[in-house]
Amino acid sequence: QFISLSIVIFTMGVFFHFTSDMQKFTHIKLKPGKLIEDGMMYRCRNMNYFGELLIYLSFVLLSMHWIPLLILALFVLFVWIPNMKKKDNSLSRYDDFNEYKRKSNLFFPFF
């Protein structure tokens, strides 16, 4: 059952990560210069990071040890979150970014 849970988390992570990357890719091709604020990005500005977190979390859970969890948490805190904030600063050039930021979350789509 524990392995099944890890597989489900991994599968959801792959879905969120690659679907959001594909949406970003097609949006940039079809609507260059427009802020992406719909679809996978409606509630979360960094859905690809969220998907990647689920992928890594599935492996961390399978390790059944706290050290990989600590390493993942440190990586998120010191690498991903600063990168997300840099991305937000870059996106702030769009006129409607402040409204989008208000209605969406930085990292977790379901809170």
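The values are calculated or read from the model by the stated rules, or taken from the named source; none is laboratory data. All values derive from a computational prediction rather than experimental measurement. Glycine also receives a Cβ, built like all others from the backbone with ideal geometry; neighbour counts cover every protein chain displayed. These accessible areas exclude ligands, DNA and RNA; they are computed on the full protein's heavy atoms, side chains included. Shrake-Rupley method; radii C 1.70, N 1.55, O 1.52, S 1.80 Å.
Points to keep in mind about this one:
- Test: residue in region 33-46 that is among the polar types (S, T, N, Q) and under 21 Å from Leu106 (Cα atoms): yes
- Failed condition for Gly33, given (1) farther than 18 Å from Asn83 by Cβ; (2) in a helix (DSSP H, G or I): (2)
- Here Ile55 fits the description: of a type in the set (Val, Ile, Thr) and surrounded by 15 or more Cβ atoms within 10 Å (Cβ to Cβ).
- Check on Gly51, touching a His at 6+ places or on another chain (Cβ under 6 Å), at pLDDT 95 or above and part of a helix (DSSP H, G or I): yes
- Where a residue in region 95-111 is open to solvent by 100 Å² or more (accessible area, probe 1.4 Å) and polar (S, T, N, Q) and its partner, wherever it lies, is modelled with pLDDT of 95 or more and assigned to a loop (DSSP other than H, G, I, E, B), with Cβ under 8 Å and at least six apart: Asn98/Ser92
- Within region 62-80, being under 18 Å from Gly13 (Cα atoms) and either within 18 Å of the chain's Cα centre (by Cα) or open to solvent by less than 50 Å² (accessible area, probe 1.4 Å) (or both) holds for Pro68, Leu69, Leu72, Ala73, Phe75, Val76, Trp80.
- Any hit, region 83-93, residues being part of a helix (DSSP H, G or I), among the basic types (Lys, Arg) and closer than 24 Å to Met22 by Cβ: yes
- Exclusive hit being over 17 Å from the mean Cα position of the chain (by Cα), of a type in the set (Gly, Ala, Ser) and open to solvent by less than 100 Å² (accessible area, probe 1.4 Å), set Gly13, Gly33: Gly33
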